[in-house]
Amino acid sequence: MKIPSENEKSHLNESLRKIAKGAGVGFTGTFIGMVFGYFSRIIIARFLGASDYGLISLGFAGMSIAVTLSSVGLPSGIRRFTSFYKGKGDEGRIKGTILSAFKISFPLSLIFATLVLLGADWISTNVFHEPRLTPVLRIFSIGIPFLALSQSFIAGTIGFQTLKYKVYTDDLFQNLFKLIAMVAFLVLGFGVTGVALGWVLAIVLMPFLALYFLEKKVFPIFKSRVKAVSIDREIFSFSFPLIFVGIAGLVMYWIDTLMLGYFSTASTVGIYNAALSTARLLSIVSTAFAAIFMPVVTELYATKMLNDLKKTYSVITKWIVSLVLPGFLLMALFSDFIMRIMFGEEFVRGALALSILAFGYLVTSLVGPTTSVLTAYGRTKIIMCCSFVGATADFVLNLLLIPLYEINGAAIATGLSLALMNVVYLAFVYLIARMQPYRVNYVKPVLAAVISVAVVYAATEYLVGLFLFSKVVSVAGMLLVFVVLYFFLLLIFKCFEEEDLIIMRALDERLGTRSEWVRKIISRFL
């Protein structure tokens, strides 16, 4: 690796380096996992159509809700207490933490799995008015205890401050195996039940892999002579209040899908979820940075380095905005093309919904990792209240708008709720910490993104109309033009700063990439 210049050394900020390195691992794993997961959804849409896609979406929603309720916030408790007792060197309580969580969540997951299994027919007929959903719900009910176990074991590895085993198990193995299994069952002619079987089979295998990493690579739980010190009451008291945050998260994540299933058809649910899964791709960047941002800013807060905390928050938010904004503009302008080329002509009806949902995720990115800042300041109750504000708005708006506008109504409700919740988060960050991430130079990457996307959009429409090129070929070519033009404009507008070079170098160190030549070019435009 090339030795950094004295100019870079003089500006090297350890906090930015830590965040960039952690974000590199998180982004790579999350990106690959989301690509596999997104491709799985494309396969479902292409092979089965919107109606069966909707059935799968409802089945997965049922399983996810049951797992969240049966976990009662314990994965967060595992991460917290494992890390806490690791710092104290108390192996007995580390082991007791994981076993205590297992004793609480696993029986609950079996109860919820039984309820879904036995109630599948009633739920399908009386709630969603779709009898074909019954076998899908029953298959997904099998995955409930296995997914709950996976979350506990993965939380244990994260408690030891390593993300790679979560990436290996959840992002890579689960998504890749699911894709392969679903394709195999579809080729064998199993249809929608085959897709459900493939999905659940991947989930069934996850806890075994997660336990292997925990047991062999991190901390032995079962093959250890260390005597477990039970902390049942302590971990439950800490974790149980988080179930209310989890419930609010469930509302934000699934209420649009569930209400569409209640008020409309499985086909409508399928089209909407295709748009929703596409819009959620915009969250990759903020998710990757947030994974490591919180512990870093917590350390800065603990050491009273508030100026560094503010600067770190601002720099990371600028990176998130610079990466997400172009994606939003492309989704908004090419939404009909994206839905058609990815999912098929039947799904074009969700193009407007894609644009609306993408706006909601854009606002989430514009405010930066606000919840991490609030957590660093110890204001978790405010996070809970804000999440309930968003969940309440989402529920009410979906209830009012879905009967009137169906897919677009659900998109408006979810997009506005996301925007509202994140604006409230930002307001509390300013009130409590007296900080906001925006600086005058934020206008520069915004202007560069708008100009680049406008040129690409105009050129694509012009080329298609004048030369009758295939729109697929035109858009693919213009995406390359967009990347080059956007980077060129970022240089011309002098959007880059010394902190950006620090982040790029840290990413190189973590991912083994080489961006020296890019940094040389950037340094000439500082």
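The values are calculated or read from the model by the stated rules, or taken from the named source; none is laboratory data. On a predicted model such as this, the values are computed, not experimentally measured, just so you know. No Cβ is skipped: glycine too gets one built from the backbone with ideal geometry, and neighbour counts run over all protein chains shown. With ligands, DNA and RNA removed, areas are computed over all heavy atoms of the protein, side chains included. Shrake-Rupley method; radii C 1.70, N 1.55, O 1.52, S 1.80 Å.
Data table
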read-out	value
Helices (runs of 4 or more DSSP H) (entirely within the range 40-158) containing at least 2 residues that are small (Gly, Ala, Ser) and more than 25 Å from the chain's Cα centre (by Cα)	91-122
Test set (1) open to solvent by less than 60 Å² (accessible area, probe 1.4 Å); (2) under 30 Å from Gly89 (Cα atoms); (3) touching a residue at least 60 places away in the same chain (Cβ under 8 Å) - Ser230 fails condition number	(1)
Residue count for the range 357-382, restricted to those that are in a helix (DSSP H, G or I) and more than 18 Å from the chain's Cα centre (by Cα)	7
Some residue of the range 173-185 being closer than 24 Å to Ile78 by Cα, within 26 Å of the chain's Cα centre (by Cα) and of a type in the set (D, E, K, R)	no
Residue within the range 161-184 that is touching a helix residue (DSSP H, G or I) at 6+ places or on another chain (Cβ under 9 Å), surrounded by fewer than 22 Cβ atoms within 10 Å (Cβ to Cβ) and over 25 Å from Gly33 (Cβ atoms) present	no
Verdict on Tyr361 being open to solvent by less than 70 Å² (accessible area, probe 1.4 Å), out of contact with any strand residue (DSSP E or B) (no Cβ under 9 Å at 6 or more places or on another chain) and of a type in the set (Phe, Trp, Tyr)	yes
Residue satisfying condition, being surrounded by fewer than 22 Cβ atoms within 10 Å (Cβ to Cβ) and at pLDDT 80 or above, within set Thr287, Thr268	Thr268
Test: residue in the range 151-159 that is farther than 19 Å from Ile44 by Cβ and open to solvent by 50 Å² or more (accessible area, probe 1.4 Å)	yes
Among the candidates Leu108, Leu133, residue that is in contact with a Gly (Cβ under 8 Å, 6 or more places away or on another chain) and touching a residue at least 24 places away in the same chain (Cβ under 8 Å)	Leu133
Top-ranked residue in the range 92-113 [being out of contact with any helix residue (DSSP H, G or I) (no Cβ under 8 Å at 6 or more places or on another chain) and surrounded by 14 or more Cβ atoms within 10 Å (Cβ to Cβ); ranked as farthest from Pro145 (Cα to Cα)]	Gly92
Residues of the range 131-148 satisfying the condition of being open to solvent by 30 Å² or more (accessible area, probe 1.4 Å) and either polar (S, T, N, Q) or closer than 16 Å to Leu69 by Cβ (or both)	Phe146
Qualifying residue in the range 400-421 (condition: over 21 Å from Leu258 (Cα atoms) and in contact with a Ser or Thr (Cβ under 8 Å, 6 or more places away or on another chain))	no
Search result, residues across the range 389-413 that are surrounded by fewer than 20 Cβ atoms within 10 Å (Cβ to Cβ) and under 19 Å from the mean Cα position of the chain (by Cα)	none
Top-ranked residue in the range 442-467 [being at pLDDT 75 or above, small (Gly, Ala, Ser) and out of contact with any Pro (no Cβ under 9 Å at 6 or more places or on another chain); ranked as surrounded by the most Cβ atoms within 10 Å (Cβ to Cβ)]	Ala459
Residue among Gly59, Gly73 that alone is buried (at least 24 other Cβ atoms within 10 Å of the Cβ) and of a type outside the set (S, T, N, Q)	Gly59
Enumeration of residues in the range 117-130 that are buried (at least 22 other Cβ atoms within 10 Å of the Cβ) and either in contact (Cβ under 8 Å) with a residue 24 or more places away in the chain or out of contact with any Lys or Arg (no Cβ under 9 Å at 6 or more places or on another chain) (or both)	Phe128
Qualifying residue in the range 229-250 (condition: more than 24 Å from Gly73 (Cβ to Cβ) and under 19 Å from the mean Cα position of the chain (by Cα))	no
Options Ser515, Ser470; residue that is modelled with pLDDT under 80, over 24 Å from the mean Cα position of the chain (by Cα), on the phi < 0 side of the Ramachandran plot and open to solvent by 30 Å² or more (accessible area, probe 1.4 Å)	Ser470
Residues of the range 414-441 satisfying the condition of being assigned to a helix (DSSP H, G or I), of a type in the set (S, T, N, Q) and either open to solvent by 10 Å² or more (accessible area, probe 1.4 Å) or under 16 Å from Val321 (Cα atoms) (or both)	Asn422, Asn441
